[in-house]
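What follows is one structure encoded as structure tokens, with my remarks underneath.
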Amino acid sequence: MTARNPIRCDMPPPVLLVPPAVLPVGREEVKLHCRLDGDDEDSLIDGLVLAATMLLDGYSGVLGRCLIAQTWMQAYTGWCPQMPLPFADCQNPQVSWLDHAGVWRQVPARAFEIVRGARGDRLRYLDGFTAPALNADVAHPVRITFTAGYGTTPADVPAPIRQAIKLTVGFWYEHRDLDPDKPPAAGGALPWVADRILSPYRRVGV
């Protein structure tokens, strides 16, 4: 890559553009796991499933990865030959840059590729790409949008992760009355079995 701007790749936290359409675990399978009949506790179960998913999923999740497919945008202060992405398994990247006239333009998809790595994905510009001059009046004139996640359905999420969510919801449900001021869900506690199950799926930071 030939750069017309200093190579500086600072990046703020990514922004979620399109959230996942479904949760990794459904209400009925959680109720079966918890041996619950009837629908009196459905609202509570739904809330616990959402809380357990949020504890694991996305940029702030403890796994450091996305579960169900979702669309994110990562901004950058400038160009660099390999631009770090915040997740593994990134798909369909689109690179945009802001020109001097304040118009967002796209880099052709043939000009870059995704490089997979143990510490996360990177977007690498191919030989022959010349980085355009950027608008100097904004802090982050380069953006990459992409999808991340195991797939679009709960079945695409690895079974151990789904089991860990059910174990966590079951633990929170069973101990929901221990401390009215701070139930387990509010404390973000994972039962030790779920924590062990999730260990192989925790991504090391970039």
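Rule-based calculations on the coordinates, nothing more; no lab input. Just so it is clear, the model here is predicted, and its values are computed rather than measured. We place every Cβ from the backbone using ideal geometry, glycine too, and count neighbours over all the protein chains shown.
Structural remarks
- In this calculation the C-beta distance from Gln82 to Trp104 is compared with R0 = 25 Å, giving a FRET efficiency of 0.65.
- Cysteines without a disulfide-compatible neighbour (Cβ-Cβ under 4.7 Å), the chain: Cys34, Cys66, Cys90
- Between 0 and 90 degrees, the angle of helix 159-174 with respect to the longest Cα principal axis of the chain falls at about 50 degrees.
- Cα extents of the range 8-158 along the three principal axes, largest first (Å): 62, 29, 22
- If only the Cβ of Lys and Arg carry +1 and only the Cβ of Asp and Glu carry -1, the dipole of the chain around its Cα centre is close to 1100 debye.
- Packing-based exposure ordering (other Cβ within 10 Å, fewest first) of Cys34, Cys80: Cys34, Cys80
- Dipole of the chain, positive end: most advanced residue of Val103, Val25, Pro132 [Cβ charges, Cα centre]: Pro132
- Förster radius 45 Å - calculated FRET efficiency between Leu126 and Glu41, Cβ distance, rounded to 0.05: 0.25
- Neighbour counts of other Cβ atoms within 10 Å put Val103, Val157, Val22 in the fewest-to-most order Val103, Val22, Val157.
- Degrees, to the nearest 10: 42-56 long Cα axis against longest axis of the chain: 40 degrees
- Cut-off under 5 Å, modelled amide H: who pairs with Gly58 long-range: Arg65, Cys66, Leu67
- Shape class of the range 63-121 from the Cα gyration tensor (axes a ≥ b ≥ c, square roots of the eigenvalues): prolate, since a/c reaches 1.5 or more and a/b is larger than b/c.
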